[in-house]
Amino acid sequence: MRVLNIMMARGRGGLENAALDTHEALSLAGCEVTTVLNASGEMQARFPQMAEVISFQSPFAWDPTAGFRLKWQLKDHSFDVILAHGNRAARIAQSLRARAPLILDCHTTNYSARKMIDQIDGAIVLTEHYRGVMLKAGMAENKLKLVPNAVRIGAEPQPLPHREKLIIGGLGRLVPNKGFDVLLESLVLLKAEGLSFECVIHGVDEHGNIESFLALRDKLGLDETEVRFPGWTSDAQSFLLSLDIFCMPSRREVLSIALLEALSAGRPIICTRVPGLEDVFRDGVEGIFVDIDHPKGLAEALKRLLLDRSQREAMGRAARERSRRFDIAAIGLELRNALQELSSHKKVA
């Protein structure tokens, strides 16, 4: 199967990493994959050297000529199915729909994919919750397939050393959806109880900066020995392996790749009850769910794990085992089969 894999975002967040993982997963499953990336984006350097990657110039969100230009640029390429990551990629790929079925991979947290039902030939959803959203919006059931994001399992993680200050970690963009402000508020409560900790949050805001969160940290009375913002990390897996607890206080998510990577690293997880994430891990087994926007509840969950090494270790072992469900080779086969079935419903010229 020849797959055209399109992603137009320019950063290096979840959507961008999902496009990279999809290229690898489908290649492992025996597909011929060509990926189209925004020429002004950051992801091209992260693709394997031998990967077939096409740079496409589209610097603006509203680009009325993009579809025509992409069609011309790909006039000598052939493919059996188009997989678009994000609504912008799907809009631009409309010009190619006469040549192959267009499938949307639904990553967006605002469910805007509901508005594209008549413009696509099928959709990949990452959770049962998102499947329900698309069915309610009018998508035919036979045009939906559930295939979660993938993770590279890697070697077995080594046991963490005993240390007085345990490390709490977060990973993601420093934007309101990610809820890191709530995490900081919960740390204030822990500090008031006399608990010691070190919290490290890797990420930057939409402008590539960390200053707003440094200011919030200082305003809340936390210091750099308690909370650090090092910016983006180029080695998320090593960072996650260094943690005692992974925390994801998001207000909105679809299926966070960082969450899957934390499972693979064998780390206990504290995560907000975002709809759909109950598919990822079990409350009280691999981690703890807490309410969204609830600093006190988050602090209580953190305290529980900070004070109970045996529970941290048990949850970490369970998390590692659970991560096997999302192994990139297995997900590649699921995705290939899903694309084959979805594309079979449409006859193209």
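The values are calculated or read from the model by the stated rules, or taken from the named source; none is laboratory data. All values derive from a computational prediction rather than experimental measurement. Please note: Cβ atoms are built from the backbone with ideal geometry, for glycine as well, and neighbour counts cover all protein chains shown.
Within the range 286-297, identify whether any single residue is under 30 Å from C31 (Cα atoms) and in contact with a helix residue (DSSP H, G or I) (Cβ under 9 Å, 6 or more places away or on another chain), and answer yes or no. Explain how you work it out, then say what you get.
Here is the first cut: in the range 286-297, the residues under 30 Å from C31 (Cα atoms) are none.
Among the residues of the range 286-297, not one is under 30 Å from C31 (Cα atoms) and in contact with a helix residue (DSSP H, G or I) (Cβ under 9 Å, 6 or more places away or on another chain), which makes the answer no.
Closer than 15 Å to M315 by Cα and either of a type in the set (S, T, N, Q) or surrounded by 15 or more Cβ atoms within 10 Å (Cβ to Cβ) (or both): which single residue out of F281, F239 fits that description? It would help to see each step written out before you state the result.
Values: F239 fails: closer than 15 Å to M315 by Cα.
F281 is the lone residue from the list that is closer than 15 Å to M315 by Cα and either of a type in the set (S, T, N, Q) or surrounded by 15 or more Cβ atoms within 10 Å (Cβ to Cβ) (or both).
When only residues in the range 111-156 that are acidic (D, E) and assigned by TED's automatic domain parsing to the domain that holds S27 count, which is nearest to A258 (Cα to Cα)?
Restricting attention to the range 111-156, the residues satisfying the condition of being acidic (D, E) are 118, 121, 128, 141, 156.
Filter once more, so that each one left must be assigned by TED's automatic domain parsing to the domain that holds S27: 118, 121, 128, 141.
On the way: D118: 32, D121: 29, E128: 19, E141: 29 Å.
Taking the candidates together, the pick is E128.
Per-residue answers, yes or no, for (1) in the same structural domain as E261 (by TED's automatic domain parsing); (2) of a type in the set (G, A, S); (3) touching a strand residue (DSSP E or B) at 6+ places or on another chain (Cβ under 9 Å):
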position: C199; (1), (2), (3): yes, no, yes
position: V204; (1), (2), (3): yes, no, yes
position: H207; (1), (2), (3): yes, no, no
position: R217; (1), (2), (3): yes, no, yes
position: D223; (1), (2), (3): yes, no, no
position: R228; (1), (2), (3): yes, no, yes
position: S238; (1), (2), (3): yes, yes, no
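So which of L263, L305 is more than 22 Å from E185 (Cα to Cα), crowded, with 19+ Cβ neighbours inside 10 Å and modelled with pLDDT of 95 or more?
One residue alone meets the criteria, L263.
Please specify each residue of the range 321-349 satisfying the condition of being of a type in the set (D, E, K, R) and surrounded by fewer than 19 Cβ atoms within 10 Å (Cβ to Cβ).
Just the residues of the range 321-349 that are of a type in the set (D, E, K, R), to begin with: 321-322, 324-325, 327, 334, 336, 341, 346-347.
Result: E321, R324, R325, D327, E334, E341, K346, K347.
If only one of F180, F213 is of a type outside the set (S, T, Y), buried (at least 20 other Cβ atoms within 10 Å of the Cβ) and either within 19 Å of P249 (Cβ to Cβ) or at pLDDT 95 or above (or both), which one is it? Can you show your working first?
Numbers: F213 fails: buried (at least 20 other Cβ atoms within 10 Å of the Cβ).
Step by step, each of F180, F213 is checked, and only F180 is of a type outside the set (S, T, Y), buried (at least 20 other Cβ atoms within 10 Å of the Cβ) and either within 19 Å of P249 (Cβ to Cβ) or at pLDDT 95 or above (or both).
Pairs under 7 Å by beta carbon, first residue farther than 14 Å from G172 by Cβ in the range 200-226, partner not in a helix (DSSP H, G or I), six or more apart or different chains?
That search, which allows pairs on different chains as well, returns S212/D205; L214/F229; R217/V227; E226/F197; E226/E198; E226/C199.
Table: residues versus (1) basic (K, R); (2) modelled with pLDDT under 95; (3) farther than 30 Å from L335 by Cα; (4) surrounded by 20 or more Cβ atoms within 10 Å (Cβ to Cβ).
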| position | (1), (2), (3), (4) |
| --- | --- |
| A137 | no, yes, no, no |
| R163 | yes, yes, yes, no |
| L184 | no, no, yes, yes |
| T233 | no, yes, no, no |
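Could you please let me know if C247 is in a strand (DSSP E or B), more than 17 Å from R324 (Cα to Cα) and touching a residue at least 40 places away in the same chain (Cβ under 8 Å)?
Working: in a strand (DSSP E or B): yes; more than 17 Å from R324 (Cα to Cα): yes; touching a residue at least 40 places away in the same chain (Cβ under 8 Å): yes.
Taking the combined requirement at face value, the residue satisfies it.
I'd like to know if the range 150-162 contains one or more residues that are within 30 Å of L342 (Cβ to Cβ), of a type in the set (V, I, T) and either in a loop (DSSP other than H, G, I, E, B) or in contact with a Phe, Trp or Tyr (Cβ under 7 Å, 6 or more places away or on another chain) (or both).
Here is the first cut: in the range 150-162, the ones within 30 Å of L342 (Cβ to Cβ) are 150-153.
Narrowing further to those that are of a type in the set (V, I, T): 151, 153.
Adding the requirement that they be either in a loop (DSSP other than H, G, I, E, B) or in contact with a Phe, Trp or Tyr (Cβ under 7 Å, 6 or more places away or on another chain) (or both) leaves 151, 153.
Yes, because at least one residue in the range 150-162 is within 30 Å of L342 (Cβ to Cβ), of a type in the set (V, I, T) and either in a loop (DSSP other than H, G, I, E, B) or in contact with a Phe, Trp or Tyr (Cβ under 7 Å, 6 or more places away or on another chain) (or both).
Exactly one condition in (1) part of a helix (DSSP H, G or I); (2) in the same structural domain as P275 (by TED's automatic domain parsing) is false for L174; which is it?
Looking at each condition in turn, L174 falls short on (1).
Hey, can you tell me all the residues within the range 53-81 that are closer than 28 Å to L255 by Cα, among the small types (G, A, S) and surrounded by 16 or more Cβ atoms within 10 Å (Cβ to Cβ)?
The answer is S58, and nothing else.
Out of all the residues in the range 70-89, is one or more in the same structural domain as L37 (by TED's automatic domain parsing), within 16 Å of A9 (Cβ to Cβ) and in contact with a Gly (Cβ under 7 Å, 6 or more places away or on another chain)? If you could, list the steps in order and put the result at the bottom.
Within the range 70-89, the subset in the same structural domain as L37 (by TED's automatic domain parsing) is 70-89.
Pick out the ones that are also within 16 Å of A9 (Cβ to Cβ) and you get 70, 83-89.
The next check asks that each one be in contact with a Gly (Cβ under 7 Å, 6 or more places away or on another chain); those that pass are none.
No: zero hits.
In this structure, is G67 part of a loop (DSSP other than H, G, I, E, B) and either out of contact with any His (no Cβ under 9 Å at 6 or more places or on another chain) or within 21 Å of D279 (Cα to Cα) (or both)?
Working: part of a loop (DSSP other than H, G, I, E, B): no; either out of contact with any His (no Cβ under 9 Å at 6 or more places or on another chain) or within 21 Å of D279 (Cα to Cα) (or both): yes.
When the stated conditions are applied, G67 does not pass them.
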